[in-house]
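Novice: Following this message is one structure expressed as structure tokens.
Computed from the coordinates by the stated procedures, all read-outs in this text should not be read as laboratory data. Quick caveat, the model's predicted, so the values are computed rather than measured. FYI the Cβ positions are ideal-geometry reconstructions off the backbone, even for glycines, and counts take in every protein chain you see.
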Amino acid sequence: MAGEQNNNVILNVYELMDTSGGGGGDQRPAYASITSFFSKLLPSTGFGAYHTSLDVDGFCYSFAAGGVSKIPVANKHKYIPSHATFKESIVLGSVVTTTDKNNNTSSTVQKFLDILKENFFTSTGYHLACRNCNHFTETFATALIVPIEDLLKKNPPALKSYPTWCNRLARTGATILDKKSDKAVTGTSTTSNSEDNNNTNKPSYCDVIKEARAAVGIIDYDDDKKMAALSASISDNNKRRKQKKELSEKQKQILAKLKKNKS
């Protein structure tokens, strides 16, 4: 039972209430008044401002202006943005993307997290509209939950269990929030590297699928031959594992019969 709980990926959702003093703790001051305005105006029309974090393997992960944080699940409600009210926790799925039999949940989580922190969700990469806490939780959850076979598809499916309303404000208000930028924000990534993250004048637009793919080690998604070869390799590995599992079950049955005969 404990193993199943550690393997679950849980989304914590907090509603960011109106504040005249600067908004949620994961926001830069320049955006706080805008979030406050939308928090007042949009709930009646089905919109709202939300902060999210992700629980997996006993720890809670979130992304803010200082980068990715990791705290024990027991303390997750202690370290949240100011004026945030807990709304709900949603079980998104379980960690299933690892393909190495020697990997466990902890090593898989850490491996994916390290790649996301180094390349996409850096200490200076936060942007309210383009790369916020909700982008992080959706990307991280997608990498952990969506089977790698699906991520290898030409048009991978989005993580259906992730609520689309969590980041609706960022997607809808992006053009307003970045009206001084050279390029209007559409909510889809066109660049995703550390150099762009470190340049505050050129925000990095989060591409959930692309960055989730990178986290699990899929980097040649534009090369059909390499993608096909990787897919075939994973399929073969899965077949071998299934055969080993079936053989193991047969061995257990034989041992059970032997014990029964001895008794």
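Novice: So, R0 is 22 Å and r is the distance between the beta-carbons of K70 and K153; what FRET efficiency does that work out to, to 0.05? Display every interim value, and only then the final one.
Specialist: Details: r = 31 Å, r/R0 = 1.40.
Once rounded, the FRET efficiency stands at 0.10.
Novice: Please report T52, T122 as a ranked list, fewest other C-beta atoms within 10 angstrom at the top and most at the bottom. List each step's numbers first, then the result.
Specialist: Working: T52 25, T122 20.
Going from sparsest to densest Cβ surroundings: T122, T52.
Novice: Going by how many other Cβ atoms sit within 10 Å of their own, how do I145, I115 line up, fewest first? Working shown, then result.
Specialist: Values: I145 22, I115 17.
The most exposed by this proxy come first: I115, I145.
Novice: Another question about this same structure. Could you give the length gained by full extension between N261 and I90, i.e. 0.36 nm per residue of separation minus their alpha carbon distance, to one decimal place? Mind showing how you got there, number by number?
Specialist: On the way: separation 171, 0.36 × 171 = 61.56 nm, distance 4.95 nm.
Full extension from N261 to I90 adds 56.6 nm.
Novice: Another question, if that's okay. Which entries in K78/K153; K76/K154; K87/K117 show an alpha-carbon gap greater than 30 Å? List each step's numbers first, then the result.
Specialist: Working: K78/K153 40 Å; K76/K154 37 Å; K87/K117 27 Å.
Pairs exceeding 30 Å: K78/K153; K76/K154.
Novice: Next question. Just the Cα atoms of the stretch 118-173, one point each, no solvent: what log10 I(q)/I(0) does Debye give at q = 0.12, 0.13, 0.29 Å⁻¹?
Specialist: For the stretch 118-173, the Cα-only Debye profile gives -0.32, -0.38, -1.15.
Novice: Can you give the FRET efficiency for W165 and E118, using 1/(1 + (r/R0)^6), R0 = 35 Å, r = Cβ-Cβ distance, to the nearest 0.05? Walk me through the numbers on the way to the answer.
Specialist: Details: r = 30 Å, r/R0 = 0.85.
The computed FRET efficiency comes out at 0.70.
Novice: A further question follows. When R131, R171 are ordered from fewest to most other Cβ atoms inside 10 Å of their Cβ, what list results?
Specialist: On the way: R131 26, R171 15.
Lowest to highest Cβ neighbour count: R171, R131.
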